[in-house]
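A.B. asks: Next up is a structure, given as structure tokens.
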Amino acid sequence: MKTPWTDQKIEEVVGNLLRTGVMLSAVVVLFGGIIYLARHGTEPADYGVFHGEPEELRTVGGIVRYAFSFHGRGIIQLGLLLLIATPVARVAFAVWGFAAERDRLYVFFTVVVLLILLGSLIGSSAGV
């Protein structure tokens with residue numbers, strides 16, 4: 001027999017989700033930083049001219065392609081995407097948790113929060 005989802009069980013899963021997301025993103029950023037410094041650490045820094053992100057690193061698809069081809073900057077960006085995705089995943093899990101508890105009011109409010117989060121993420125990337 002399945003044990004029902006309780007508030008305490010949901011809080012434990014959410015806590016683990018947040019810890020895991022932050023730790024995973026930190027490890028990915030550290031790994032990308034090591035690769036970046038190994039390849040570019042001896043290059044002189046040019047602070048006189050601002051160099052923005054390459055066009056390839058301005059989309060999720062470009063970041064993933066760069067990361068999987070072991071470019072340090074792409075891996076760092078992927079880690080930052082994981083960090084941004086962590087609270088979004090937390091809210092998405094909360095929707096599921098409240099639905100499992102059959103708490104319709106909290107499902108409604110959490111879906112609204114999730115839509116606002118997703119809208120702000122999608123809206124902010126549209127202007128890039």
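Read the figures in this text as sums done on the coordinates, not as results from a lab. All of these numbers come straight from a predicted model, not from anything done at the bench. Ideal geometry is used to build each Cβ from the backbone, glycine not excepted, and the neighbour counts take in all protein chains shown.
A.B. asks: If each of Ile34 and Val111 carries a label point 7 Å out from its Cα toward its Cβ, how far apart are those two points in nm?
C.D. replies: Here the modelled spin labels are 4.4 nm apart.
A.B. asks: Starting from the 7 Å offset along Cα-to-Cβ, what nm value, one decimal, do you get for the label separation of Thr6 and His51?
C.D. replies: Here the answer is 5.7 nm between the modelled labels.
A.B. asks: Viscosity 1.567 mPa s, temperature 4 °C: what is the translational diffusion coefficient of the stretch 1-124 from Stokes-Einstein with a Kirkwood Rh over Cα pairs, rounded to a whole number of µm²/s?
C.D. replies: 77
A.B. asks: Okay, next question. With the chain treated as a Gaussian network of Cα nodes joined by springs under 10 Å, which of Ala67, Ala89, Ala100 yields the largest mean-square fluctuation?
C.D. replies: Comparing Ala67, Ala89, Ala100 in a Gaussian network model of the chain, the most mobile one is Ala100.
A.B. asks: Note down the nm distance, to one decimal, between modelled labels 7 Å out along Cα→Cβ at Ser120 and at Leu80.
C.D. replies: Each label point is offset 7 Å from its Cα along the Cβ direction, giving 1.8 nm.
A.B. asks: Can you give me the span-like helices of the chain, meaning DSSP H runs with 30 Å or more of Cα extent along the axis and Kyte-Doolittle mean at or above 1.0?
C.D. replies: Answer set is 72-100, 104-126.
A.B. asks: Moving on to the next point. With loop defined by DSSP as not H, G, I, E or B, and exposure as at most 13 other Cβ atoms within 10 Å, which is the longest segment of the chain clear of exposed chymotrypsin sites (Phe, Trp or Tyr not before Pro)? Don't jump to the answer; show the numbers that get you there.
C.D. replies: Details: sites that count: Tyr47, Phe50, Phe70.
In short, 71-128.
A.B. asks: Here's another thing I want to ask about it. Could you give the longest part of the chain that holds none of the trypsin sites (Lys or Arg not before Pro) found in DSSP loops with at most 15 neighbouring Cβ atoms within 10 Å?
C.D. replies: Result for the longest clean stretch: 3-101.
A.B. asks: Report the Cα centroid-to-centroid distance between the stretch 47-73 and the stretch 79-128 in angstrom, as an integer.
C.D. replies: For the stretch 47-73 versus the stretch 79-128, the Cα centre distance is 26 Å.
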